[in-house]
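The values are calculated or read from the model by the stated rules, or taken from the named source; none is laboratory data. Note that the structure is predicted; figures quoted are calculated from it, not measured. Note: ideal-geometry Cβ built from the backbone for every residue, glycine included; neighbour counts use all protein chains shown. Side chains are part of the model used for accessible areas, which takes the heavy atoms of the whole protein and leaves out ligands, DNA and RNA. Shrake-Rupley method; radii C 1.70, N 1.55, O 1.52, S 1.80 Å.
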Amino acid sequence: MTTITAASRRVLAAAASGALAVWALALTTVPAGTSMHLSNAGLVAFPLLAGVAGLVRGRRDDGPARRFWLLLGAACLSWAGGMVVWTWYESVRGAEVPFPSLADLGYLGLPPLATAALLSLPLAARTLAGRVRTVLDGLVVASALLLCSWVAVLRAVAEAGGEPLAQVISLAYPVSDVVVITLVAYTWMRARQRGMRLPVPLPLLGAGLVAFAVADSGFVYLTSVASYSSGNLIDIGWGLGFVLLFLAALARTGTEADVADDDGGGRPLGNLLPYAAVGAALLVSAASTVRSGTTDTFTSWALIVIAVLLVLRQVLTLQENDSLTRNLERLVGERTAELRASGERFAALVQHSSDLVTLVDREGLIRYQSESSLRVLGRPAESLVGRDLTALMTPEQAAELLAVLQQAAGGDPDRALTFQGTWSHAAGRERRVEVTVTNLLGNDAVGGLVLNTRDVTDRVRLERQLTHQAFTDSLTGLPNRALFRDRLQQALSRRDAVGSSPAVCFLDLDGFKEVNDTLGHSAGDALLVEVGARLRTAVRPGDTVARFGGDEFAILVDDVPAGDDGTQLAERVCQVLEAPVDLDGETVHVAASIGIAHQDGVGIDAEQLLRNADLAMYRAKAAGGGFAVYAPEMHEGLVARVRLEADLRRALRDGEFVVHYQPMVTMRTGTITGVEALVRWEHPEHGLIPPDDFIPLAEATGLIRPLGLWVLRTACRQAMEWQVLDQREEPLKVSVNVSGRQLHHPDLVGEVADVLAETGLPAHKLTLEMTESVLMENSDDTIATLESLRAMGIRLAIDDFGTGYSSLSYLHRFPVDILKIDRSFVEGLATGGDAALVNTILRLGKALRLETVAEGIEHAEEMVLLRRQGCTTGQGYHFSPPVPAARLLEMLTTDEGRRQRVVGRSPAAVGAD
């Protein structure tokens with residue numbers, strides 16, 4: 001349910017209060033006939049308003065408050081129902097209201113419902129004695145109020161006589177009012193005794209119910225003397241009571257507070273309430289006796305009951321006080337024992353604590369020392385008491401301790417100060433300690449400064465070890481990347497302050513992988529240790545040599561000498577690495593590619609300097625080793641490479657690659673027997689990009705795998721299309737290059753099989769070409785892959801044969817079918833320079849029953865010489881450059897005419913052959 005806002009509550013309260021004031025004023029000023037109707041209307045509206053507000057509040061609250069408001073709302077609505085019946089008789093029918101009537105049923109419904117509401121509040125005492133005493137208090141108050149009511153109202157009603165039912169109903173009004181007023185007093189008394197904050201606004205509720213009860217009693221009295229009529233001033237009491245109940249329903253209250261039972265020592269005002277009620281009853285009865293001259297029987301018995309109740313209450317109070325005294329003595333004894341045990345426990349903890357507990361005065365004089373001093377400092381506690389604590393440390397440490405003690409003594413007593421220091425052990429060792437100083441000078445039981453001292457020697461030692469491990473390479477003992485970066489940052493900061501010129505040399509060992517692969521990782525580790533030791537000899541004492549990981553090292557030169565760009569250090573490094581390294585009887589040589597960078601401009605941070613040195617190192621490695629100094633164009637090249645890589649990924653996604661095909665022809669007839677598929681990149685801005693410009697980048701980034709698979713699928717599909725368009729019996733042979741990344745990937749065989757199945761190209765029409773260097777990597781796995789491909793019927797070719805290892809041993813090991821003679825050998829045929837080498841390759845192929853294909857044939861003389869030496873197939877610009885698929889189809893459809901042109905290019909050569 002939506003909560004009523006504070007502003008809305010204030011508006012409703014003001015409206016109700018204003019309506020009551022106007023209604024009351026009207027009753028006193030309008031004529032009697034009008035005041036009757038006005039009174040009836042108000043006495044219907046006000047209880048209805050209070051009843052609805054109570055029900056709404058009951059739906060919104062929880063727990064006891066919910067029951068209270070629902071019952072109180074029902075009580076108000078019951079009285080409103082009785083008032084509706086009264087108004088029906090008097091204002092609608094114009095008749096006198098009979099007595100008793102149905103209106104009395106509604107009126108008399110309010111007291112029991114209000115009583116149930118008050119009893120639903122959580123006010124019960126927690127002990128039996130407390131509950132009995134509360135009942136006695138309530139009976140005393142009820143008896144006193146009943147006596148007062150008898151003198152004021154009930155005696156006259158009883159003496160008036162009349163029908164029995166009417167007399168009972170007449171007596172029910174004041175008796176129920178006595179009950180309601182008693183419960184209001186009881187509730188207020190219990191709330192004050194227990195110090196509770198009730199979930200209902202008791203003052204407003206009590207005032208409203210008391211106002212209602214007083215008006216009710218007045219109504220009974222006026223009725224008994226036949227002087228009541230609607231519009232009487234007594235009606236204002238009922239209206240006031242219901243408006244107060246309405247305001248109570250609007251008021252905000254807190255929830256019940258859990259407090260300790262206070263039965264034994266209630267608040268004075270709550271304890272005096274029964275006596276105050278008895279005193280009022282005595283005064284009223286005395287006044288009645290003086291006025292009438294006699295004391296009636298009811299009054300006598302009422303006074304006797306009240307006296308008995310007071311005696312019982314006093315006896316119970318004495319017994320309860322005695323019980324409380326015994327309970328208090330028991331609690332004091334338990335508390336004393338607990339304090340004694342706590343003190344003994346604290347003493348045991350201090351004596352057996354691993355920390356030192358020391359009590360000193362403001363000047364550091366020891367007044368108490370725990371027994372743990374023998375374990376921590378090697379000194380018995382009794383030998384330290386009375387000595388100056390500063391005698392256990394150096395003068396510097398003593399001055400620091402005294403300063404902390406003075407600060408603690410003059411500071412907040414609740415604030416603890418902590419510091420670390422070094423104290424001396426009796427055996428002469430130093431112990432690192434952590435001391436917490438607490439100011440207890442104001443504590444009479446202590447009266448000094450308490451020092452809790454913990455031995456942190458082992459922790460400090462461990463922290464130093466962990467710091468060393470975190471910033472040191474475990475293999476070489478050199479600083480690692482993190483420490484190098486920190487020192488580089490410090491060097492750059494010093495440059496800004498004093499104008500020094502730091503430089504960074506980044507090293508990558510050449511040939512380290514081969515040592516690891518051939519001699520094992522232990523030999524590789526030994527080589528790294530030796531390199532680290534040699535690098536130390538090449539630098540100055542203030543410079544830093546670090547290992548970044550793997551075979552990467554870095555050198556930080558704090559201040560490069562004037563006129564030197566770091567190359568002198570690089571030359572020294574190269575010199576110290578020239579000497580061979582003996583690794584368990586194996587002599588190895590190692591070199592390094594070195595990149596040099598220094599902070600030439602403002603704003604270059606450590607990351608940029610390391611990146612620049614890394615770029616220079618890669619430039620040196622690309623040049624074959626040695627060293628290189630960073631230049632801005634290196635970064636420009638890196639940016640261009642990054643952009644090209646992004647373009648390469650986009651090109652794969654957007655289909656910017658095309659495949660061109662270069663024919664392979666029979667040397668004698670010129671017939672096209674196959675094609676080599678060569679990828680080209682049609683860049684939207686730079687036009688056609690040759691493969692040499694993007695294939696290495698595709699290899700480095702791993703994009704060569706999806707690109708190579710696309711080329712393979714495109715070429716196989718194109719061969720099948722040519723078969724259909726050229727009406728050939730079999731497809732043309734297709735050669736496709738395979739990179740190292742593709743060949744060494746475990747999915748290559750499956751991918752090739754899927755492409756052949758997808759395109760329908762026979763396996764023996766596909767040739768996969770790879771270079772010698774690719775074959776030599778991971779040779780065992782490579783052989784297994786090649787054998788699987790060949791088992792499918794695919795032919796395998798060694799591309800650029802003669803430029804790599806070119807040994808008979810691997811030709812026997814690898815299952816290859818074709819040798820492709822590199823164009824560099826073909827170019828020298830015209831001058832006779834490489835004729836013998838080409839002849840040897842051709843003889844080797846013939847001896848091993850391998851087909852030979854000469855690449856890069858650009859002149860007729862080269863073709864004739866190759867054919868004369870026994871080369872069967874040729875490829876090159878002499879026959880055709882790489883062409884699109886449509887152009888190659890044209891060449892296939894005019895194959896006969898092309899054959900005549902190829903053979904007839906050099907008639908003299910053909911005749912001589």
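Numerical summary
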{"read-out": "Pairs where the first residue, in region 104-121, is closer than 12 Å to G73 by Cβ and open to solvent by less than 10 Å² (accessible area, probe 1.4 Å) and the second is polar (S, T, N, Q) and in a helix (DSSP H, G or I), C-beta under 8 Å, 6+ apart", "value": "L110/S78"}
{"read-out": "Criterion (open to solvent by less than 60 Å² (accessible area, probe 1.4 Å), farther than 26 Å from V460 by Cβ, part of a helix (DSSP H, G or I) and at pLDDT 80 or above) met by exactly one of G333, G386", "value": "G333"}
{"read-out": "Flag for A491 being under 43 Å from the mean Cα position of the chain (by Cα) and open to solvent by 40 Å² or more (accessible area, probe 1.4 Å)", "value": "no"}
{"read-out": "Qualifying positions in region 48-91 - on the phi < 0 side of the Ramachandran plot and not in a helix (DSSP H, G or I)", "value": "D61, D62"}
{"read-out": "Of the criteria (1) at pLDDT 85 or above; (2) within 25 Å of D458 (Cα to Cα); (3) in contact with a Lys or Arg (Cβ under 6 Å, 6 or more places away or on another chain), which one E400 fails", "value": "(3)"}
{"read-out": "Residue satisfying condition, being among the charged types (D, E, K, R) and open to solvent by less than 50 Å² (accessible area, probe 1.4 Å), within set R379, R429", "value": "R379"}
{"read-out": "Flag for L528 being modelled with pLDDT of 90 or more, part of a helix (DSSP H, G or I) and over 25 Å from K621 (Cβ atoms)", "value": "no"}
{"read-out": "Residues of region 624-636 satisfying the condition of being open to solvent by 40 Å² or more (accessible area, probe 1.4 Å) and either touching a residue at least 12 places away in the same chain (Cβ under 8 Å) or touching a strand residue (DSSP E or B) at 6+ places or on another chain (Cβ under 6 Å) (or both)", "value": "F627, V629, Y630, H635"}
{"read-out": "Total residues in region 409-420, condition out of contact with any Lys or Arg (no Cβ under 8 Å at 6 or more places or on another chain) and either surrounded by 12 or more Cβ atoms within 10 Å (Cβ to Cβ) or under 17 Å from S372 (Cβ atoms) (or both)", "value": "5"}
{"read-out": "Lone unmet requirement of (1) more than 22 Å from A628 (Cβ to Cβ); (2) open to solvent by 40 Å² or more (accessible area, probe 1.4 Å); (3) in a loop (DSSP other than H, G, I, E, B); (4) not aromatic (F, W, Y) for S522", "value": "(3)"}
{"read-out": "Helices (runs of 4 or more DSSP H) contained in region 821-876 and holding at least 2 residues farther than 21 Å from L811 by Cβ and acidic (D, E)", "value": "860-868"}
{"read-out": "Some residue of region 262-269 being under 60 Å from the mean Cα position of the chain (by Cα), small (G, A, S), at pLDDT below 70 and not in a helix (DSSP H, G or I)", "value": "yes"}
{"read-out": "Qualifying positions in region 600-623 - in a loop (DSSP other than H, G, I, E, B) and farther than 16 Å from F484 by Cα", "value": "D600, G601, V602, G603, I604, A623"}
{"read-out": "One residue from A886, A860, A847, A835 being more than 30 Å from F657 (Cβ to Cβ), open to solvent by 10 Å² or more (accessible area, probe 1.4 Å) and without any contact (Cβ under 8 Å) to a residue 12 or more places away in the chain", "value": "A847"}
{"read-out": "Residue within region 436-459 that is surrounded by 15 or more Cβ atoms within 10 Å (Cβ to Cβ) and among the acidic types (D, E) present", "value": "yes"}
{"read-out": "Test set (1) open to solvent by less than 20 Å² (accessible area, probe 1.4 Å); (2) free of Cβ contacts under 8 Å to residues at least 60 places away in the same chain; (3) within 30 Å of L889 (Cα to Cα) - P762 fails condition number", "value": "(1)"}
{"read-out": "Selection count where residues are closer than 20 Å to S35 by Cβ and in a helix (DSSP H, G or I), scope region 92-119", "value": "2"}
{"read-out": "Subset of region 279-322 [modelled with pLDDT of 75 or more and of a type in the set (S, T, Y)]", "value": "S300, T317"}
